[in-house]
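Notes follow once the structure below has been shown.
The values are calculated or read from the model by the stated rules, or taken from the named source; none is laboratory data. Every value quoted in this text rests on a predicted model; they were computed, and no experiment measured them. So basically every Cβ, Gly included, is an ideal-geometry build from the backbone, and we count neighbours across all protein chains shown. Accessible surface is based on the protein model in full, side chains and every heavy atom, while ligands, DNA and RNA are left aside. Shrake-Rupley method; radii C 1.70, N 1.55, O 1.52, S 1.80 Å.
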Amino acid sequence: MTTLTAADIAVLDPDTYANGDPTTFGLPLDQYAFLHAELPVCRQEFNDPRLVPEVWILSRHQDITQAEQDTDSFSADGLPTVWAYNIVGEEVGAPGILVQDGEQHRDGRRVISGAFTPKVVETLAERFRRHARRVIDHALALREPFDFVSAVAHEMPMQALGDILGVPDTDRPRFFGWVDTFSSAFDERIAPTFDDVLRAISEIHEYSVELRDLKRSCPAGDVVTRIAESRMGDPEVRGNVTLLACGAAESTRNALSHGLHELMRQPDQMRWLRDRADDIPPQAVQEIVRIACPFTHMTRWTRREVDLHGTVIPAGKPVAMLWAAGNFDETVIPNPNRFDLSRSPNQHMSFGRGEHSCVGKHIASLEIKILLEELLQRTSEIRPAGPISYVRDNYSRSVYELPVEFIAA
Ligand code: HEM
């Protein structure tokens, strides 16, 4: 039985995730359970210029799904998260498809998703495997404990996304440096000041247009070439390249890091996966994505007054869809606190479930599958070499450090 009260709820506080309990996936599962049972629509106020002044938090699977699907009541046209309210304003609001509604959203989404045809995904799979082998070779050559996040989990999505977007090899380190700063705006170890965050955003924006121009003169089969061939103007180009960069790199890295951490904690699950390392089944990858929940939430904005469970949310207000809580709603996910790689069905919310659901979910799942296959085939054991530590953020569930030791197979 929970002893929490409404005053204890801090599910959008960066410190909650920085100080997460590694035995509960780093998540405040007790607070989520309280919200599910007692406060399904939870209004919070923030007194921090970087955050929206007030937000209504949805935690139940069914309510989040409704907010995603009822586009007459909920609009995506506004800030996509609760952070960066006054300071970043227009900058963050560059119009990527994540913050567009209706026809405009569908047109842009078609441009981006068209880059992920089965044929393209097939060629990407071969490239991902080459990247995975190289990254694991490098880690094995260290022959001593190392940080899994920087040596493996960071490298794999960086190269994979570099291929997907068509970022030239020599530009990748600086490109992903901006992404790191942008994605960790509340952690001074990564983004010392908010000015650094702003600078990173404006540099990605500038680079996005340069990359689009490069693709106009040298087209290739990548996403930015498709964007260059479309009717998107400069603001959409900035918004969408930034969205792809930040949405795809950090998230996959965090899924890999939280996933490996949990596998090391649960030897029976590690054995189960090792027995299937030749061809990791999709449900295992989806369970990793569920417990990792790389984005805690995203926001929608009420188009009109909405009455939910007796709470009235006025028109024009931000509503946070707390995916991380939805993933642990026992009315839809049986025995949710158990990490079960064979879970099926698995109606997790980590990729969203409505019109804006993740365009890259198959690509991300493929990356995770291939990296884990190579990792488990090439090692006989993976041991923790120190405690996991988390980035201070309320949106991106980043792992700061995960010390490990690989024993070669
Ligand atoms: C484990 C990794 C990933 C996770 C957990 C994730 C999660 C999400 C979530 C939660 C959304 C918003 C859903 C909504 O608002 O309904 C989203 C949207 C999006 N994601 Fe991902 N993502 C991942 C990887 C990727 C990758 C690899 C790509 C690109 C290759 C990508 C591209 C996008 C795009 C373009 C959107 C906007 C879709 C739209 O607004 O229509 N994501 N993602």
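The charge dipole of segment 332-371, taken about the Cα centre with unit charges on the Cβ atoms of Lys, Arg (+1) and Asp, Glu (-1), comes to about 100 debye, rounded to the nearest 20. Rounded to the nearest Å, what's the spacing between the alpha carbon centres of segment 370-387 and segment 5-83? Just the number, please. Here the answer is 33 Å between Cα centres. Bridgeable lysines around LYS119 (alpha carbons under 25 Å apart, same-chain partners fewer than 8 residues away excluded): LYS215, LYS361, LYS369. Scan the chain and report its longest stretch carrying no trypsin sites (Lys or Arg not before Pro) that are both in a DSSP loop and have at most 13 other Cβ atoms within 10 Å. Between the exposed loop sites, the longest stretch runs 1-142. The residues of segment 139-285 have, on average, 40 Å² of accessible surface per residue, using a 1.4 Å probe with all protein chains present.
Ignoring everything except DSSP H segments at least 4 long, calculate the 222 nm mean residue ellipticity for the chain; use -39,500 (n - 2.57) per segment, divide by total residues, nearest 500.
Numbers: 14 runs with 188 residues, N = 409.
Calculated mean residue ellipticity at 222 nm is -14500 deg cm²/dmol.
At 1.4 Å probe size, with the rest of the protein present, what percent of the exposed accessible area of segment 327-377 is carbon and sulfur atoms? Solvent-exposed carbon and sulfur of segment 327-377 make up 46 percent of the total. Restriction of the GluC sites (Glu not before Pro) in segment 267-340 to DSSP coil positions whose beta-carbon has at most 14 other beta-carbons within 10 angstrom yields GLU305, GLU330. With both labels modelled 7 Å from their Cα along Cα-to-Cβ, the GLU45 to LYS119 distance reads 5.8 nm.
For segment 208-274, rounded, prolate or oblate, judged on the Cα gyration tensor with a ≥ b ≥ c (square roots of eigenvalues), a/c < 1.5 rounded, else prolate if a/b > b/c? Numbers along the way, then the final one.
Details: a/c = 5.07, a/b = 3.14, b/c = 1.61.
Verdict is prolate for segment 208-274.
For GLU54, project a label point 7 Å along Cα to C-beta. Then give me every residue of segment 320-346 with its amide nitrogen under 17 Å of that point. Of the residues in segment 320-346, 320 have backbone N under 17 Å from the label point off GLU54. Close amide H partners of SER75, meaning residues 5 or more places away or on another chain with modelled amide H under 5 Å apart, are TRP301, THR302, ARG303. Spatially, segment 250-314 and segment 189-248 are offset by 26 Å when compared through their Cα centroids.
Using a probe radius of 1.4 Å on heavy atoms only, what accessible surface per residue do you get for segment 1-138? Whole Å² is fine.
Details: 6570 Å² over 138 residues.
For segment 1-138, the solvent-accessible area averages 48 Å² per residue.
Simple rule: put +1 on each Lys or Arg Cβ and -1 on each Asp or Glu Cβ in segment 1-144, find the dipole, and look at HIS105, HIS36, ALA67; the Cα lying farthest toward the positive end is HIS105.
Any idea what the relative contact order of the chain is, in percent, if you count C-alpha pairs under 8 Å spaced at least 6 apart?
Numbers: 706 pairs, mean separation 108.1, N = 409.
Relative contact order, the chain: 26 percent.
Cross-link partners for LYS317 among the lysines, with Cα-Cα distance under 24 Å and sequence neighbours closer than 8 places in the same chain left out, do not exist in this structure. This model, with +1 at the C-beta of Lys and Arg and -1 at the C-beta of Asp and Glu, gives segment 362-409 a dipole about its Cα centre of some 120 debye. A Cβ-based charge dipole, computed about the Cα centre of the chain with Lys and Arg at +1 and Asp and Glu at -1, lands at about 1020 debye.
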